[in-house]
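The values are calculated or read from the model by the stated rules, or taken from the named source; none is laboratory data. This one's a predicted model, so the numbers in the text were calculated from it and none came from an experiment. No Cβ is skipped: glycine too gets one built from the backbone with ideal geometry, and neighbour counts run over all protein chains shown.
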């Protein structure tokens with residue numbers, strides 16, 4: 001088996017080879033292993049670095065996004081020189097420098113119902129580090145349909161979750177995401193990282209735990225978190241492991257499976273398939289910064305609502321009532337219905353989502369949102385406005 | 001039944017803390033607990049898949065809750 005590795009590789013992996021219980025055999029399994037990492041963000045950054053460093057032979061990495069300044073607080077694969085570049089390409093170049101003995105396959109498209117099965121088919125393990133519910137259900141269902149192991153991790157503010165789904169156990173495949181969460185939450189009920197905030201070091205910890213699980217699954221060393229959910233709370237350093245049973249009602253793997261193929265996930269979750277993805281809002285309801293400035297100048301009658309978080313308002317604002325996106329539905333009764341209401345946020349993404357939510361769930365018909373948000377307003381109208 | 005709830009994720013916002021004492025008059029089961037919780041904290045209904053673990057195990061709606069049980073509330077989270 002030694003000849004499976006070149007001389008430089010044997011040096012590269014020397015500390016694994018001398019590790020009792022790991023050694024050449026486990027290292028060879030890593031080299032033969034093929035992992036697809038979905039999402040090169042906060043979780044993907046440590047996950048990819050440790051998988052590449054450890055010598056996982058083939059690593060696919062998929063992310064449709066480009067590097068943004070607000071990523072650098074936690075996405076430690078990227079630096080200032082990478083701003084605006086596709087994450088998958090930057091990450092692949094970084095990993096190539098980290099370990100020249102592995103094959104890297106960057107994909108810059110979104111993972112969708114149309115391409116998921118073809119993209120995932122060639123891999124042994126999929127590691128889900130995405131940032132939204134539709135893609136989490138998509139990754140899960142595709143893994144179950146293709147019989148791939150899905151190493152799952154997810155973060156929120158100070159907390160993380162890790163588990164290994166659809167892992168082969170003596171009694172059959174272990175539970176999957178739908179056993180854990182049969183139904184997606186209502187849109188807006190669970191804030192995304194952009195809305196709810198995230199402690200930068202947290203995905204560093206959780207993404208590293210995710211890498212650990214991938215390495216255990218591939219190498220056969222240790223006991224993966226199959227049928228168990230690890231909860232980590234950074235605020236007090238505590239962790240818990242909970243046993244997850246299979247749900248007989250699971251539409252894929254329950255006692256009477258009803259789902260045999262992938263479904264329309266954005267519709268299933270009723271939300272755009274990316275936390276930063278554009279929400280479709282009628283053009284007539286998009287108020288350009290220029291148009292909004294004119295409304296102000298003409299002293300038209302309207303109500304302005306800031307849907308960001310309180311801490312964001314402290315940094316910068318253009319007035320209006322503060323009603324954070326996560327709680328605005330509960331405050332809907334205090335929003336007027338008889339005069340125009342203009343919603344705004346940092347970039348125009350959240351305000352568009354809130355607009356849709358207020359229309360579909362509270363029946364509003366008098367809403368506008370400031371296109372491009374504060375960022376566009378600062379760029380086009382008021383350059384003195386602080387941006388972040 | 002009176003228990004201490006260990007809240008994770010967004011349920012901390014809804015309940016107002018990480019550990020919250022909760023007493024309810026209805027049946028001492030997971031379903032009874034959730035029904036009372038949703039009455040007192042209506043935003044919980046939006047979670048659809050709020051899961052409850054008793055001690056170290058995920059519980060089903062009919063699982064009964066006894067005094068001293070550790071109740072963990074686990075909502076879905078999606079961040080990455």
Query raised in the report: Quick one: residue A:77 ticks every box in (1) touching a residue at least 12 places away in the same chain (Cβ under 8 Å); (2) assigned to a helix (DSSP H, G or I) bar one, so which box is it?
Result: (2)
Query raised in the report: Of (1) closer than 30 Å to residue A:38 by Cβ; (2) surrounded by fewer than 17 Cβ atoms within 10 Å (Cβ to Cβ); (3) in contact with a helix residue (DSSP H, G or I) (Cβ under 8 Å, 6 or more places away or on another chain), residue B:73 satisfies all except one. Which?
Result: (2)
Query - Identity of the residue in the stretch B:61-79, part of a loop (DSSP other than H, G, I, E, B) and within 8 Å of another protein chain (Cβ to nearest Cβ), that ends up nearest to residue A:128 (Cα to Cα) - result: B:78
**Report entry** Index of the failed condition, residue A:247 passing every other in (1) at pLDDT 95 or above; (2) over 18 Å from the mean Cα position of the chain (by Cα)
**Finding:** (1)
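Identify all residues within the stretch A:31-44 that are more than 10 Å from every other protein chain (Cβ to nearest Cβ) and either within 9 Å of the chain's Cα centre (by Cα) or surrounded by fewer than 24 Cβ atoms within 10 Å (Cβ to Cβ) (or both); write none if there are none.
A:31, A:32, A:33, A:34
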Report task. Provide a single number: the residues in the stretch B:11-43 that are touching a residue at least 24 places away in the same chain (Cβ under 8 Å) and either farther than 20 Å from residue B:70 by Cβ or within 9 Å of another protein chain (Cβ to nearest Cβ) (or both). Result -> 1
Query raised in the report: Quick one: in the stretch B:44-60, which of the residues that are over 30 Å from residue A:270 (Cβ atoms) and more than 7 Å from chain A (Cβ to nearest Cβ) is surrounded by the most Cβ atoms within 10 Å (Cβ to Cβ)?
Result: B:54
Query raised in the report: In the stretch B:15-55, what residues are closer than 23 Å to residue A:137 by Cβ and not in a loop (DSSP other than H, G, I, E, B)?
Result: B:34, B:43, B:44, B:45, B:46, B:47, B:51, B:52, B:53
**Report entry** Among (1) out of contact with any strand residue (DSSP E or B) (no Cβ under 9 Å at 6 or more places or on another chain); (2) assigned to a strand (DSSP E or B), the one test that residue B:3 misses
**Finding:** (1)
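Report yes if some residue within the stretch A:53-63 is part of a helix (DSSP H, G or I), touching a strand residue (DSSP E or B) at 6+ places or on another chain (Cβ under 7 Å) and either under 22 Å from residue A:199 (Cα atoms) or away from every other protein chain (no Cβ under 14 Å) (or both); otherwise report no. Break it down stepwise before answering.
Step one: list which residues in the stretch A:53-63 are part of a helix (DSSP H, G or I), which gives A:53-54.
Next cut, touching a strand residue (DSSP E or B) at 6+ places or on another chain (Cβ under 7 Å) only: none.
There is no residue in the stretch A:53-63 that is part of a helix (DSSP H, G or I), touching a strand residue (DSSP E or B) at 6+ places or on another chain (Cβ under 7 Å) and either under 22 Å from residue A:199 (Cα atoms) or away from every other protein chain (no Cβ under 14 Å) (or both).
How many residues are closer than 22 Å to residue A:220 by Cβ and within 10 Å of another protein chain (Cβ to nearest Cβ) if we restrict to the stretch A:115-137?
So in the stretch A:115-137, the residues closer than 22 Å to residue A:220 by Cβ come out as A:120, A:122-128.
Then keep just the ones that are within 10 Å of another protein chain (Cβ to nearest Cβ); that gives A:128.
Total satisfying the criteria: 1.
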Report summary line: All conditions in (1) more than 21 Å from residue A:346 (Cα to Cα); (2) part of a helix (DSSP H, G or I) are true of residue A:104 except (2)
Query raised in the report: Taking the stretch A:65-74 as the region of interest, how many residues are surrounded by fewer than 18 Cβ atoms within 10 Å (Cβ to Cβ) and either without any contact (Cβ under 8 Å) to a residue 24 or more places away in the chain or assigned to a helix (DSSP H, G or I) (or both)?
Result: 5
